[in-house]
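All of the numbers you see were taken from the coordinates with simple rules; none came from a lab. Source: prediction; values computed, not measured. No Cβ is skipped: glycine too gets one built from the backbone with ideal geometry, and neighbour counts run over all protein chains shown.
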Ligand code: HEM
């Protein structure tokens, strides 16, 4: 058993959280090079933490040894969303997954397809109308918000515009608290971000509970019949599902797709993606490989163990870094290049080497829904528009936390395609 390269320094003084949060990608790159290892040790959130930057390490952590490395119940996620599946372990997590996944697969998923198509059309159809550059991230975030509020709460922007606006604003306030320092200070005329966020959470919970009691339709209606651990569980999970986190992650992927396939140079790729669903799948795999919305996930070692042959003591944190895992040169040749064709060549059948949606028994329960939604939105864009960066030269350097996107939101001009080929675009 080998000792992990790197060191955890001394308590507090040796903590590297700030450096990591400022630029997680350079943080990992520098250490991978320094230690010549894709697994190393640092102090994060004042806890010795093993960083995993390889496909093999990620698979061992999330799949083979998932029962030894557990979710952290004291995570910030619990602070903001209360007890949800995200930070639960053991039997309770298994039961919650069983209950909830049935609502995100099979016939439930199928019953959402008309709504998903209609919301994509509603939010995307006017992209070319102004002829002016659009901030695509903002447009895609609104689309994501319409999607989650319609699907999970039966609140539709076109039918209840005021309630929709109110909930969207509360979700934004709640989100800003999630990423602000947890200081619950409230004095007249001034409230810290965190305190505003807690107020927003309370108001959102009131709206959600009212919906759970009085709306018997759709997802919110069916949650009542699920075997959940306690009376507040349905509301806590709804808060998680409608939170700004999910629209931001959806917008992140759509934004990266738009940038990857924008401009005259990518016209051929756009046509191919419009006509060949398999090619579109490969494009979307490559988009999530290079630009995963979330930087990774964290676990705590429940007992002394090993990962990639390195000793990991009990109570150490372990974090997998999807950006680095996805660029592991052992698995992905030319790891920094956008090459959709790798997924029909050398990396065919290697989807399980990605971790944008986690991996193993605790992977994302919304991955299938996300896939259906992304394909619908991308096909709509491809069938109806051409697009390019406007102005053509912009700083596209990404920030990776809390959700990945170019630090300066890019602007893109859309033009209507002069002929529409597929049946789907005729519905517009
Ligand atoms: C682009 C969209 C999304 C991305 C990138 C994403 C990503 C992830 C990731 C990386 C994890 C695993 C975290 C870990 O390993 O600690 C996860 C878990 C989870 N996701 Fe998603 N997610 C997305 C959409 C959704 C949607 C639409 C839902 C449901 C409405 C959802 C619900 C969940 C839940 C409940 C878990 C926890 C599963 C568990 O702990 O057993 N996600 N997601």
Distance (nanometres) between label positions extended 7 Å along Cα→Cβ at residue 158 and residue 401: 4.1 nm
Separation in nanometres of the label points that stand 7 Å from Cα toward Cβ, at residue 3 and residue 271: 6.1 nm
Gain upon complete extension [residue 302, residue 118; 0.36 nm per residue less C-alpha separation]: 61.6 nm
Shape call, the chain: gyration tensor on alpha carbons, a/c limit 1.5: oblate
Full-stretch length increase - residue 108, residue 202 - with 0.36 nm per residue and alpha-carbon distance subtracted: 30.9 nm
Size-normalised alpha-carbon gyration radius of the stretch 307-428, reference 2.2 N^0.38 Å: 1.40
Pair residue 232, residue 13: separation of 7 Å Cα→Cβ label points (nm): 4.1 nm
